[in-house]
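My structure is below; once you've seen it, I'll send some questions.
Throughout, read-outs are computed from the coordinates displayed, never taken from laboratory work. Computed from a predicted structure; not experimentally measured. A quick note on method: Cβ atoms are made from the backbone with ideal geometry, for glycine too, and the neighbour counts reach across all protein chains shown.
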Amino acid sequence: MPIDLQTDKLVLQHPKGASAELLLYGATIISWKSGSVTNAQPTERLFVSGKAALDGSKPVRGGIPVVFPCFGAPTHPEHAKLGQHGFARSETWTFDGIVMDNEAGVSIRLTLEPTASIAAKYERPFHLAYVVTLAEHQLSTDLHVKNTGLSTSPPLEFQALLHNYIRVNSSEVVVTPLKGLTYYDKTEPDEQLRTKVEARGQVDVKKYTDFVYQNAPGTYEVTSPTNKIEVRAVNFKDVVVWNPQQEGAKIADMEDGGWEKYVCVEPGYVHGFATLPAGETWVGQQVLSAKL
Ligand code: TA6
């Protein structure tokens, strides 16, 4: 079966050998195994901490959690009752159907609508759909946000981000091209000094890195001597590069030394807010391609 719906998760299998697994909880992708043009053997491309909770008790430490409607701690008044990174990653989504099932791609759609528990902390009406498509060497994730409010209601203001954890040796990886971009350095203790301009042609994460690059080009190469992933984004104008290094030891569900095994290169709309008039839909897309 190319698409196997289990009680709490979905397993996608591509006829050429790639596979992906996603939980209904948080619509979190927890595995993507893919070969590349030069490496036929499907290998795991995502990192999930050995200490991650996979039972729906808390957001997953790894894979690709969905961040919506706020990134980080809430700053918008409508998000005031929400926790860090919003609710999409910690609500159970609904399997809505198969979108495509052939050699071009195996694709499913999950949806999330306001439940009583969401409405208790977030009052705006919305409809989310998440389309996950597995191709031979590619994993696409499209987040559709619809403002289902009445025509008289104000626009929906939100942030969204796909928080990938790309499996790679973090002491060897470089991310390009980020040179010349303005970024917000969340590791900088002095708030006045947090806005910086990237001077490096190749960005490594050998030091604690938590940088929010603004108005980024939308295509990034994540390269190490043994693997290479291209991250392509549509409508996600920003990109966050995160690796906590030793700070990761303070994260309860991070496995020992887990920060040595991944880098996050997360496409998002996180500087300011996307503004969506009533009745309209916004789509943000991430495409991960295995190049090596
Ligand atoms: O995307 C980077 C970031 O916002 C970091 O600041 C770091 O805290 C990370 O996400 C993980 O957040 P979490 O809430 O999953 O612990």
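Only Lys, Arg, Asp and Glu count, each charged at its Cβ (+1, +1, -1, -1), so figure out the dipole size of the chain about its Cα centre, rounded to 20 debye.
Taking the Cα centre of the chain as origin, the dipole is about 280 debye.
As an exercise, take the mean of 1/r over every pair of distinct alpha carbons in the chain, invert it, and state the Kirkwood radius in angstroms.
Hydrodynamic radius (Kirkwood, Cα only) of the chain equals 19.3 Å.
A further question on this structure: Based solely on its DSSP helices, what 222 nm [θ] is calculated for the chain when runs of n ≥ 4 H residues each add -39,500 (n - 2.57) and the sum is averaged over all residues, nearest 500 deg cm²/dmol?
Using -39500 (n - 2.57) per qualifying helix, the result is 0 deg cm²/dmol.
Multiplying the sequence separation of Gln192 and Ala116 by 0.36 nm and subtracting their Cα-Cα distance, what value in nm do you get? Present the calculation step by step, with values, prior to reporting the outcome.
Details: separation 76, 0.36 × 76 = 27.36 nm, distance 4.04 nm.
Contour length minus Cα-Cα distance gives 23.3 nm.
For a bin width of 5 Å, list the pair-distance distribution of region 170-292 built from all Cα-Cα distances, rounded to whole %.
Histogramming region 170-292 at 5 Å steps yields 2, 11, 19, 21, 19, 15, 8, 3, 1, 0 percent.
Using each residue's phi in region 267-273, evaluate 6.51 cos²θ - 1.76 cosθ + 1.60 at θ = phi - 60° and report the 3J(HN,Hα) Karplus result to the nearest Hz, with x for Gly and Pro.
x, x, 10, 10, 9, x, 10
Say R0 is 41 Å: what FRET efficiency, to the nearest 0.05, do Lys51 and Ile98 get from their beta-carbon distance?
0.80
Ok, one more. Would you mind checking the radius of gyration and Dmax of region 1-130 based on alpha-carbon positions, in Å?
16.1, 50
With 19 Å as the limit, write out which pairs from Lys179/Lys261; Lys33/Lys228; Lys179/Lys237; Lys207/Lys228; Lys58/Lys81; Lys206/Lys291 have Cα-Cα distances beyond it, or answer none.
Long pairs (Cα-Cα over 19 Å): Lys179/Lys261; Lys207/Lys228; Lys206/Lys291.
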